[in-house]
Amino acid sequence: MHLSLTAPDDWHLHLRDGARMRSVVAHSATLFRRALIMPNLVPPVETVAQAHAYRERILAAAGGSGFEPLMTLYLTPRTTPAEVRRAAADPHVLAIKLYPAGATTNSDAGVRGLEGSFEVLETMAELGLPLCIHGEVTDPNVDVFDREARFVSDVLAPLVERFASLPIVLEHITTAEAASFVRAARAGVAATITAHHLLYNRNALFRGGLRPDYYCLPVLKRESHRRALVTAATSGDPRFFLGTDSAPHPRSGKHAACGCAGIYTAHAALPLYAQVFESAGALHRLEPFASHFGADFYRVPRNTARLELRRESWQVPGEYELGDEVLTPLCAGETLGWKVVGLGQ
Ligand code: NCD
Ligand code: ZN
């Protein structure tokens, strides 16, 4: 069996920088024509000039693959309306990313509350520049499994209302609450969904022991939420589209007393999504989810190249290089049923 799709885009990707970035970029370039690159480097990508320099480094590492990095800026307390105007006028910067400070990996540069950023958000709304959101509250008293649902009710709902023309993407949604909110929200509100949140529930974190390779933020949730995400992704609703949140970490950082958050899926993203859509009897909805709806939301042309997949078993390697360390990819050592034949130009 064979599957031919418009070449997909990854609307949420962590590439890191330097030698680590050079190790992983080929995985994304093999599957995706474009990717929205997250700005959570240390220090963060805060300005258009920094985004341009980072983009050039990614392009140099991707060689002549044709892979196009689409850039984001990190919303910090220092972000100015003037920088927003530069970003909105720039062809390479597509969005600004909100990380509530302390919510996840490299989020320390983020904002503590939104009040200090109202002018910036107002300018984004005026110019139609999308805000991508890591949607979790950071109050340590809120149960970690409830942080996304609390963010949706306490922060996102008022934000969507207050800035009525601001395009918003709730990133890597993990709950039935987030899916229902996005489905019912005003125009201009969408969500990305990862392969790992479609494939696993929180039992994966504790199967036979503690499994750091399944730890990411927002953390995996219970089965009823996973099912709600599969329903959203496979429903054909254009508000839900593909974003892997592939997040490379060295094995030494994940297999540790305090293991860091992030799951690496770039090596197998399309085979993993295809598996989910096939199990749901919705393979015909994979193409719009992976290749149409995100481009439409961000108002960029759909790709003309095509990606071919084949029903063929292959074994995921136990590790990949990450600079001078290694990472453990999702499904390391396991056999997957869909294989990428190739991405045409
Ligand atoms: C991401 C990372 O490692 O940069 N980690 C994660 O668990 N998803 C950050 C993020 O997107 O939250
Ligand atoms: Zn992410």
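A compact table of results
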item	result
Residues (in contact with a Ser or Thr (Cβ under 7 Å, 6 or more places away or on another chain) and of a type outside the set (Gly, Ala, Ser)) located in region 273-291	277, 285, 287
Qualifying residue in region 3-15 (condition: closer than 21 Å to residue 302 by Cα, surrounded by fewer than 19 Cβ atoms within 10 Å (Cβ to Cβ) and modelled with pLDDT of 95 or more)	yes
Helices (runs of 4 or more DSSP H) completely within region 244-303 that count 1 or more residues being open to solvent by 10 Å² or more (accessible area, probe 1.4 Å) and within 16 Å of ligand 1 (Cβ to nearest atom)	251-254
Considering residues of region 136-145 that are within 16 Å of ligand 1 (Cβ to nearest atom) and of a type in the set (A, V, I, L, M, F, W, C) only, the residue least open to solvent (accessible area, probe 1.4 Å)	137
Top-ranked residue in region 195-212 [being part of a loop (DSSP other than H, G, I, E, B) and open to solvent by 50 Å² or more (accessible area, probe 1.4 Å); ranked as nearest to residue 132 (Cα to Cα)]	211
Top-ranked residue of region 1-32 - restricted to ones that are within 13 Å of ligand 1 (Cβ to nearest atom), among the charged types (D, E, K, R) and out of contact with any strand residue (DSSP E or B) (no Cβ under 6 Å at 6 or more places or on another chain), ranked as nearest to residue 99 (Cα to Cα)	16
Residue list for region 213-227, filter: away from ligand 1 (no atom under 11 Å from the Cβ) and surrounded by fewer than 20 Cβ atoms within 10 Å (Cβ to Cβ)	222, 223, 224, 227
Count of residues meeting criterion [surrounded by fewer than 14 Cβ atoms within 10 Å (Cβ to Cβ) and over 12 Å from residue 334 (Cα atoms)] in region 311-320	1
Qualifying residue in region 152-171 (condition: of a type outside the set (Asp, Glu), within 16 Å of ligand 2 (Cβ to nearest atom), out of contact with any strand residue (DSSP E or B) (no Cβ under 6 Å at 6 or more places or on another chain) and open to solvent by less than 60 Å² (accessible area, probe 1.4 Å))	no
Condition met for residue 148 (part of a loop (DSSP other than H, G, I, E, B), of a type in the set (D, E, K, R) and surrounded by 23 or more Cβ atoms within 10 Å (Cβ to Cβ))	no
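The values are calculated or read from the model by the stated rules, or taken from the named source; none is laboratory data. Everything quoted here is computed from the prediction, not taken from an experiment. Please note: Cβ atoms are built from the backbone with ideal geometry, for glycine as well, and neighbour counts cover all protein chains shown. Only protein heavy atoms, including side chains, enter the accessible area calculation; ligands, DNA and RNA are left aside. Shrake-Rupley method; radii C 1.70, N 1.55, O 1.52, S 1.80 Å.
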